[in-house]
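Below is one structure, written out as structure tokens, with a few remarks after it.
The values are calculated or read from the model by the stated rules, or taken from the named source; none is laboratory data. Computed from a predicted structure; not experimentally measured. Note that we place each Cβ from the backbone using ideal geometry, even for glycine, and neighbour counts take in every protein chain shown. The accessibility values were calculated without ligands, DNA or RNA, using every heavy atom of the protein model including side chains. Shrake-Rupley method; radii C 1.70, N 1.55, O 1.52, S 1.80 Å.
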Amino acid sequence: KNEVEQSPQNLTAQEGEFITINCSYSVGISALHWLQQHPGGGIVSLFMLSSGKKKHGRLIATINIQEKHSSLHITASHPRDSAVYICAVRFPGAQKLVFGQGTRLTINP
Amino acid sequence: DTEVTQTPKHLVMGMTNKKSLKCEQHMGHRAMYWYKQKAKKPPELMFVYSYEKLSINESVPSRFSPECPNSSLLNLHLHALQPEDSALYLCASSLIVSGSGTEAFFGQGTRLTVV
């Protein structure tokens, strides 16, 4: 059983819509990452969180440690936001990331 | 400089060839990683280097041979690969392997095709 669950697996929306992608994990973590991958491309680190909320431009990431849940929000979505968004967690003392299965986001003009 | 640079971007190799993938970072990171990613799947960890020493080998076949000659450079030597080894190979680095300072920076990957 994957210790990191993302939802939805696929999401299609119209340009301008508010987007939410969710990530849940099974046990306490030391850090959670939100990553972005465009088709055929490398991975870009969007956020690393251990508590609270971070914002960068139109992207907002939140984490609730008690509920073991994080969300990635995109405001005023744009077709260039179309990509796979991956949640990855690092468990305490671990040297590696555990990845979710990713959310494939498509924003139509 | 917050980049992880991978070369080459694309590689086609025969099953009898020997080739190498290269990864470079100049952020002073002391942890470096190789991942393998198949289409529509998340990355799978292959190797972790910490302070130029191999820290984790995720039971990777010996036809993949990692090397960390210095703190900025990570190589992956390939020999006698199989067609099922065709994938995107991603390199990543972080300041250290655990604790704070573990934000990972990824390269653009090398798309490998084994024919």
Evaluation of A:Arg104 against (1) open to solvent by 50 Å² or more (accessible area, probe 1.4 Å); (2) at the interface with chain B (Cβ under 10 Å from one of its Cβ atoms); (3) in contact with a His (Cβ under 9 Å, 6 or more places away or on another chain) (one fails), failing number: (3)
Selected residue (criterion: farthest from B:Leu95 (Cα to Cα)) from residues of segment B:36-51 that are more than 9 Å from chain A (Cβ to nearest Cβ) and not small (Gly, Ala, Ser): B:Lys38
Every pair of residues 6+ apart whose Cβ atoms lie under 9 Å, when the first sits in segment B:47-74 and is at positive phi while the second is open to solvent by 30 Å² or more (accessible area, probe 1.4 Å) and assigned to a loop (DSSP other than H, G, I, E, B): B:Tyr51/B:Arg30; B:Tyr51/B:Ser71; B:Tyr51/B:Ile96; B:Glu52/B:Arg30; B:Glu52/B:Ser71
Filter result for the condition that a residue is open to solvent by 30 Å² or more (accessible area, probe 1.4 Å) and more than 14 Å from chain B (Cβ to nearest Cβ), over A:Ser24, A:Ser30, A:Ser51: A:Ser24
Within segment B:66-88, considering residues that are in a strand (DSSP E or B) and open to solvent by 50 Å² or more (accessible area, probe 1.4 Å), the one farthest from the other protein chains (Cβ to nearest Cβ): B:His79
Residues that are at pLDDT below 95 and part of a loop (DSSP other than H, G, I, E, B), drawn from segment A:39-66: A:Pro39, A:Gly40, A:Gly41, A:Gly42, A:Ser50, A:Ser51, A:Ile65, A:Gln66
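Table: residues versus (1) within 18 Å of B:Ser20 (Cβ to Cβ); (2) out of contact with any Asp or Glu (no Cβ under 6 Å at 6 or more places or on another chain); (3) of a type in the set (A, V, I, L, M, F, W, C).
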| residue | (1), (2), (3) |
| --- | --- |
| B:Lys36 | yes, no, no |
| B:Pro42 | no, yes, no |
| B:Leu45 | no, no, yes |
| B:Tyr51 | no, yes, no |
| B:Ser59 | no, yes, no |
| B:Ser65 | yes, yes, no |
| B:Pro83 | no, yes, no |
| B:Tyr89 | yes, yes, no |
Every residue from segment B:1-60 that is assigned to a strand (DSSP E or B) and charged (D, E, K, R): B:Lys18, B:Lys19, B:Lys22, B:Glu24, B:Lys36, B:Glu44, B:Lys53
Residue list for segment B:15-34, filter: within 13 Å of chain A (Cβ to nearest Cβ) and free of Cβ contacts under 8 Å to residues at least 60 places away in the same chain: B:Trp34
Test: residue in segment A:87-96 that is crowded, with 22+ Cβ neighbours inside 10 Å, in a strand (DSSP E or B), within 14 Å of chain B (Cβ to nearest Cβ) and under 10 Å from the mean Cα position of the chain (by Cα): yes
Breaking point among (1) of a type outside the set (Asp, Glu); (2) within 12 Å of another protein chain (Cβ to nearest Cβ); (3) closer than 29 Å to B:Ile56 by Cβ, for A:Ile63: (2)
Residue satisfying condition, being out of contact with any helix residue (DSSP H, G or I) (no Cβ under 8 Å at 6 or more places or on another chain) and either over 27 Å from B:Ala87 (Cβ atoms) or open to solvent by less than 20 Å² (accessible area, probe 1.4 Å) (or both), within set A:Ser7, A:Ser82, A:Ser77, A:Ser45: A:Ser77
Test: residue in segment B:94-105 that is surrounded by 18 or more Cβ atoms within 10 Å (Cβ to Cβ), more than 8 Å from every other protein chain (Cβ to nearest Cβ) and modelled with pLDDT under 95: yes
